[in-house]
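Any read-out appearing in this document is the output of simple, stated calculations on the displayed coordinates, not a laboratory observation. Predicted, not measured: the structure shown is a model, and the values here were computed from it. Cβ atoms come from the backbone with ideal geometry, glycine included; neighbour counts cover every protein chain shown.
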Amino acid sequence: MKKGFTLVELLVVIAIIAILLMLMAPSVSTMLERTRRNVCANNQHGMGSALAHYSAAYKTFLAFPNWRAPETAGIWVDPGWLYCQRDLSGGWRVVDMQKGAFWEYIGRLEAYRCPEDKGPYVGTQIMTSYLMNGSVISYGRDWGSGNVNPLHRSIDFGPLDVIIWEATGPAGDWNDGSSFPREGLASAHREGAVFACADGHAEYMSREQINREVAGQYVYDRMVAAGDPSPCYGPTLLWNNPRARDGR
């Protein structure tokens, strides 16, 4: 009776196992990435819920987006969605977001962080992976005159208009709690990303759709085809400033 394996048989078995592992690796990698994306999606669902609860509590007004200029100029001193400028003690800290307007509705540190966002962190990225669309205050226009554009209401936006996204831009994008759509938007996930929308729900966009929404070329082309004498590149779901014809 034959006992055990010969060296050749053992090497064959090892080779087969190695081949199977190589074949499985892409599937495992994809599964892990999708698991992390689902965590990020759940975070965005939480952001959308906080957005809706805040809006309901404040007569449909949206939270201040922590747009830097009005805060540093002392024009806006109350809590924004992420932190409260007057309570900052020098430098950004994780605990600072507990003074933000959304904290009472979210209440979990990990809900502010995408699992793909491994650091190193700079600026407000120390607190979160997410930023609010500056369209909530028309991207801060006219603040230098001593007035912040009135905060928009949730009803000023379409239900699919994006209010919060995951940001992955350079250090300069993390100087406050909000941003422009063109600044390092949601590139942490390969296939697409989930966004929190104006009516409080979370919406998935493919990478192709994200790029189209940022560029707005399809809006321009549609206006040209319709004979519009003044075609523009918006509004889109991302460029959605209610006070601007092109959403910008």
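Taken one residue at a time, the phi angles of region 161-170 give Karplus couplings (6.51, -1.76, 1.60, θ = phi - 60°) of 4, 7, 10, 10, 9, 7, 10, 9, x, x Hz. Gly and Pro are set to x. What the Cα atoms of the chain give is an Rg and a Dmax of 22.9, 95 Å. This ranking places Val94, Val214 by how few other beta-carbon atoms lie within 10 Å of each, fewest first, which gives Val94, Val214.
Measuring from label point to label point, each 7 Å out along Cα→Cβ, what is the Asp78 to Val95 span in nm? Going by the 7 Å Cα→Cβ label model, 2.6 nm.
Comparing Tyr83, Tyr130, Tyr204 in a Gaussian network model of the chain where C-alpha atoms under 10 Å apart are linked, the largest mean-square fluctuation is found at Tyr204. Close amide H partners of Phe195, meaning residues 5 or more places away or on another chain with modelled amide H under 5 Å apart, are Glu203, Tyr204, Met205. Compactness check for region 95-216: Cα Rg over 2.2 N^0.38 Å is 1.06.
Considering only beta bridges that DSSP places wholly inside region 42-225, some 85 percent are antiparallel. Distances between placed amide hydrogens fall under 5 Å for Leu185 paired with Thr168, all partners being 5 or more residues away or on another chain. With a simple spin-label model that places each label point 7 Å from the Cα along the Cα-to-Cβ direction, the separation between Ala18 and Ala225 comes to 5.4 nm.
Can you tell me the relative contact order of region 42-225? Whole percent, Cα pairs under 8 Å, sequence separation 6 or more. Mind dumping the intermediate values first?
Values: 329 pairs, mean separation 46.4, N = 184.
Averaging sequence separation for qualifying contacts and normalising by length gives 25 percent for region 42-225.
Using the crude model of +1 on Lys and Arg Cβ and -1 on Asp and Glu Cβ, and no other charge, please compute the dipole size for the chain relative to its Cα centre, in debye to 20.
So the magnitude is around 480 debye.
How much length is gained if the chain between Tyr105 and Gln209 is pulled fully straight, taking 0.36 nm per residue apart and subtracting their Cα-Cα distance, in nm to one decimal? Don't jump to the answer; show the numbers that get you there.
Working: separation 104, 0.36 × 104 = 37.44 nm, distance 2.99 nm.
Residue separation times 0.36 nm, minus the Cα-Cα distance, leaves 34.5 nm.
Restriction of the trypsin sites (Lys or Arg not before Pro) in region 159-233 to DSSP coil positions whose beta-carbon has at most 15 other beta-carbons within 10 angstrom yields Arg182, Arg190.
Given that compact globular proteins tend to follow 2.2 N^0.38 Å, what is the ratio of the alpha-carbon Rg of region 47-145 to that value? Don't skip to the end; give the middle numbers.
Working: Rg = 13.4 Å, N = 99, 2.2 N^0.38 = 12.6 Å.
That ratio works out to 1.06.
Output the relative contact order of region 46-151, whole-number percent, from Cα pairs under 8 angstrom with separation of 6+ residues.
Once normalised by length, the contact order is 28 percent.
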